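Participant: One structure, as structure tokens, below. Some questions next.
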Amino acid sequence: MRAGSRLKGDLPLNKLIIYSVVTLVYMALTVLIFFIPSGPAYNSRENYYFLIFSVEVFLVGLTARHFADYFFKGKWAKVLSDSCFVFGNGVSVFFFWILLPFDPQLKLAGCGIIPITVSIIIYKISKLYENRMLEGEIIKIISYLMAGFSAYFMFKTLWPESRLGNLTLYSFIVLCVFELASFVELSGNKKAYGATGWLRSNHAGKFFVAFVTLFVVLDLRRMVMFESVLGVWIFIFLFLVVIFIIFTIKLSAAANNSPEERLGKHLQRINFDKIRDISDITSHINDFVYNGSKSGLIACLFIIMNKAGVPIFAAKRIIAPVVDHKDLEMPSFMTRKDYMVIEERNKQRRMKVVETVIKNLEVYGRGSYNGFGTGSSIVQKYN
């Protein structure tokens, strides 16, 4: 055990050493092969610049990531580590694009790569401000706008006649509108809390839907207008109606689906009818969701799974979401409304943790162990 934990503790240092050595060896080899007059590829080195510098920057970014992982700790350190890796990848792609023997117009499009890379880093920084009312969303909006305008510039430079850049920019603007709409939680309305959770989630899916919708409304109409004007407008109208209905249903369900209702539904799904301490797990789930207390729920879940014959390594993975969960930190000074908003966000996050654990139990109970081990089924044990 001690040897294993010591090995795990040395892992970041080992990675730092390995990637540092690999980077230095690569630099030395490129100098010997391409930049010394007696080198075998000295006279043709310019043909390989796109590969030499892009790989070198990638390795430097990877080394910087592990350097930050080893020497710095904390939330900002994690962002710094990820940012080193993202920035290294972005600059590497930039060099690869710029140094290829492209037409100058195509090379100009590569200038959008760096702002997109910076926008990804800004997005990661926004995660540090989840416990603030406005800062996190405003930072995220800035990252979306930067990515949207950069993509617009690249697509317009590559394909001036195409509307792909417009569609991408408009889709990012739609995401910004969703972020702005999430400010309704500041009203203090209980339904607004649920709605904002949906507005802030799954932005990749919302981006895709926005892109397709804008394509249908703006581009598809013009592509097929000459064939059947009435048919096109009927199709567009029905498409928008379906999108509106889905949007309304999702938003309404999120707004009306309070933690209390979700908790009740999930408790009904727990198939432990023959367990005497079902009231215990109910109270401990309530205590976790509303008060943030994890110890009782962890103990109760472990006892229940032990009775059901679940192997300890499987039980450990099933309840890991509860063990690893951390609430958003409260700022040192805030208004009462700010406190209520952060508390509601924490409640929603705890509810998602409960949902994940229940889903893990259901997966194990169905026999679809999915990495949870091969013990007796919980559902079979108590039916």
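Participant: Residues that are out of contact with any helix residue (DSSP H, G or I) (no Cβ under 8 Å at 6 or more places or on another chain) and modelled with pLDDT of 80 or more: which helices (runs of 4 or more DSSP H) entirely in segment 298-383 hold 1 or more of them?
Facilitator: It comes to 312-318, 320-324, 336-365.
Participant: Can you tell me which of (1) without any contact (Cβ under 8 Å) to a residue 40 or more places away in the chain; (2) crowded, with 20+ Cβ neighbours inside 10 Å; (3) small (Gly, Ala, Ser) is the one residue 112 doesn't meet?
Facilitator: If we test residue 112 against (1) without any contact (Cβ under 8 Å) to a residue 40 or more places away in the chain; (2) crowded, with 20+ Cβ neighbours inside 10 Å; (3) small (Gly, Ala, Ser), just (1) comes out false.
Participant: As an exercise: evaluate residue 50 against (1) surrounded by fewer than 16 Cβ atoms within 10 Å (Cβ to Cβ); (2) within 19 Å of residue 101 (Cβ to Cβ); (3) in contact (Cβ under 8 Å) with a residue 24 or more places away in the chain and give the number of the one condition it does not meet.
Facilitator: (1)
Participant: Condition check: surrounded by fewer than 18 Cβ atoms within 10 Å (Cβ to Cβ) and β-branched (Val, Ile, Thr). Does residue 98 satisfy that?
Facilitator: Values: surrounded by fewer than 18 Cβ atoms within 10 Å (Cβ to Cβ): no; β-branched (Val, Ile, Thr): yes.
No: the conditions fail for residue 98.
Participant: Also, quick follow-up: Given the conditions (1) farther than 22 Å from residue 147 by Cα; (2) part of a helix (DSSP H, G or I), and given that residue 93 satisfies all but one, which numbered condition is not satisfied?
Facilitator: Only one criterion is unmet by residue 93, namely (1).
Participant: Scanning for something within 19 Å of the chain's Cα centre (by Cα), at pLDDT below 85, in a loop (DSSP other than H, G, I, E, B) and hydroxyl-bearing (Ser, Thr, Tyr), does segment 168-184 turn up at least one residue?
Facilitator: Within segment 168-184, none of the residues are within 19 Å of the chain's Cα centre (by Cα), at pLDDT below 85, in a loop (DSSP other than H, G, I, E, B) and hydroxyl-bearing (Ser, Thr, Tyr).
Participant: Hey, another quick one. What about residue 146, is it surrounded by 17 or more Cβ atoms within 10 Å (Cβ to Cβ), at pLDDT below 90 and either within 23 Å of the chain's Cα centre (by Cα) or not in a helix (DSSP H, G or I) (or both)?
Facilitator: So residue 146 fails the test.
Participant: On to the next question. Of all residues in segment 34-58, which are assigned to a helix (DSSP H, G or I) and either closer than 16 Å to residue 12 by Cα or in contact with a Lys or Arg (Cβ under 9 Å, 6 or more places away or on another chain) (or both)? First the steps, then the outcome.
Facilitator: So in segment 34-58, the residues assigned to a helix (DSSP H, G or I) come out as 34-35, 45-58.
Answer for segment 34-58, where residues must be assigned to a helix (DSSP H, G or I) and either closer than 16 Å to residue 12 by Cα or in contact with a Lys or Arg (Cβ under 9 Å, 6 or more places away or on another chain) (or both): 34, 35, 52.
Participant: From 162, 252, which residue is surrounded by fewer than 16 Cβ atoms within 10 Å (Cβ to Cβ), on the phi < 0 side of the Ramachandran plot and at pLDDT below 65?
Facilitator: Residue meeting the stated conditions: 252.
Participant: With the condition kept exactly as written, say whether any residue in segment 100-115 is at pLDDT 90 or above, within 22 Å of residue 152 (Cβ to Cβ), polar (S, T, N, Q) and out of contact with any Pro (no Cβ under 7 Å at 6 or more places or on another chain).
Facilitator: Scanning segment 100-115, I find no residue that is at pLDDT 90 or above, within 22 Å of residue 152 (Cβ to Cβ), polar (S, T, N, Q) and out of contact with any Pro (no Cβ under 7 Å at 6 or more places or on another chain), so the answer is no.
Participant: Look at segment 8-57 and say how many of its residues are within 18 Å of residue 67 (Cα to Cα) and modelled with pLDDT under 85.
Facilitator: Residues in segment 8-57 being within 18 Å of residue 67 (Cα to Cα) and modelled with pLDDT under 85: 6 in total.
Participant: For the structure I just gave you, tell me whether residue 31 is in a helix (DSSP H, G or I), free of Cβ contacts under 8 Å to residues at least 24 places away in the same chain and of a type in the set (Val, Ile, Thr).
Facilitator: So residue 31 passes the test.
The values are calculated or read from the model by the stated rules, or taken from the named source; none is laboratory data. No experiment lies behind these values; they were computed from the predicted model shown. Ideal geometry is used to build each Cβ from the backbone, glycine not excepted, and the neighbour counts take in all protein chains shown.
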